[in-house]
Structures are given as C-alpha cells and as structure tokens.
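Have a look at the structure below, then the notes.
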Amino acid sequence: MNKFDYRVPYADTDNMGVVYYANYLIYFERGRTELLRQIGYTYKEMEEKGLYFPIRNVECNYHSPAHYDDMITIETTLSEIRSASVVFHYVIKCQDKLLVTGMTKHPLVDYSFKPTRLPQDLKDMLEQHLEVIEK
C-alpha cells in the first residue's frame, strides 16, 4: 500500500471550489505512480522498455466532495497480479471523511499495444509488495 497527502489546488476544482469528478481519476493515477515508485519500478523505466499499463476498467464511487485547499489522503493498494495485468484499489479521504473509493484494472501492453506478460523483475517486485501487504 502507498499512502500520501495532497493539497487540492484550485485547478482541480470547478467554479464553486469543488473537485471535478474526473480529477479523482487523476488522483488514482498519482497514487498508482507513487506505488510503483515505492516498489522501485517507475513508469519511466517501463516506457524505456516499451511497456505500458493502460486502463482497461475503472470504478469510481463518489461519496463526498473535496474542496479547494483541502488536504486529502490518497491510499493505493495493489490487490491483484495476473500474468499480464494488475488491479489497484483506491481510497481517498479528507481527514476522516471518505471522499472516493475505486479500482482500476490494467493490462500490460508493448509499444504496439499488444498484450504482453509482466517482465519477471516487475512481477517479482509486485508479488513481493503484495506479500508484505498480506502479512
């Protein structure tokens, strides 16, 4: 799991100072990027190898709005590893108030967008991370 705080900038809000629904999907992306960085495998390294994690499915359950200048917590959990895909779950809160929950499913594709298996080093790092979470 990766968890970090993020202060909502005005650019993430509508004219009423409320976070755009679509920006929660951007927060999912931030969380996923930070989790991969935490395990030691960045998107930059993946791209250099011609590998990408596009989103195949997304679920975003809105519970309550965030507002300009709120300090929110983005929690990302790797929940499933398959031979050619991964699943992440997200919880976004402002203090103790639940804002959003959701999940994304990602196939791994190569530079020509053909599905491909996870490289062994990435799979090992993800599995090791998952084992730590399950303990």
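The values are calculated or read from the model by the stated rules, or taken from the named source; none is laboratory data. Note that this is a predicted model, so its numbers are computed, not measured. Every residue, glycine as well, gets a Cβ built from its backbone with ideal geometry; the counts of neighbours run over all protein chains shown. To get the accessible areas, we keep the full protein, side chains included, count just its heavy atoms, and leave off ligands, DNA and RNA. Shrake-Rupley method; radii C 1.70, N 1.55, O 1.52, S 1.80 Å.
Structure data summary
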{"item": "Met71, sole failed condition from (1) within 17 Å of Gln120 (Cα to Cα); (2) exposed (fewer than 14 other Cβ atoms within 10 Å of the Cβ); (3) not polar (S, T, N, Q)", "result": "(1)"}
{"item": "Every residue from region 3-60 that is in contact with a strand residue (DSSP E or B) (Cβ under 6 Å, 6 or more places away or on another chain), polar (S, T, N, Q) and part of a helix (DSSP H, G or I)", "result": "Gln38"}
{"item": "Residue in region 97-120 that is open to solvent by 70 Å² or more (accessible area, probe 1.4 Å), in contact with a helix residue (DSSP H, G or I) (Cβ under 7 Å, 6 or more places away or on another chain) and touching a residue at least 60 places away in the same chain (Cβ under 8 Å) present", "result": "no"}
{"item": "Residue within region 39-46 that is more than 22 Å from Thr116 (Cβ to Cβ) and surrounded by 15 or more Cβ atoms within 10 Å (Cβ to Cβ) present", "result": "no"}
{"item": "Any hit, region 78-88, residues being over 20 Å from Gln128 (Cα atoms), surrounded by fewer than 18 Cβ atoms within 10 Å (Cβ to Cβ) and more than 13 Å from the chain's Cα centre (by Cα)", "result": "no"}
{"item": "Near pairs, Cβ below 9 angstrom, 6+ apart or cross-chain, from region 14-34 (free of Cβ contacts under 8 Å to residues at least 40 places away in the same chain) to any residue that is exposed (fewer than 15 other Cβ atoms within 10 Å of the Cβ) and among the charged types (D, E, K, R)", "result": "Tyr20/Asp14"}
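For (1) closer than 19 Å to Val87 by Cα; (2) open to solvent by 50 Å² or more (accessible area, probe 1.4 Å); (3) of a type outside the set (Phe, Trp, Tyr); (4) touching a His at 6+ places or on another chain (Cβ under 8 Å), each residue gets a yes or a no:
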{"position": "Val8", "(1), (2), (3), (4)": "no, no, yes, yes"}
{"position": "Met16", "(1), (2), (3), (4)": "no, yes, yes, no"}
{"position": "Ile26", "(1), (2), (3), (4)": "yes, yes, yes, no"}
{"position": "Arg37", "(1), (2), (3), (4)": "yes, yes, yes, no"}
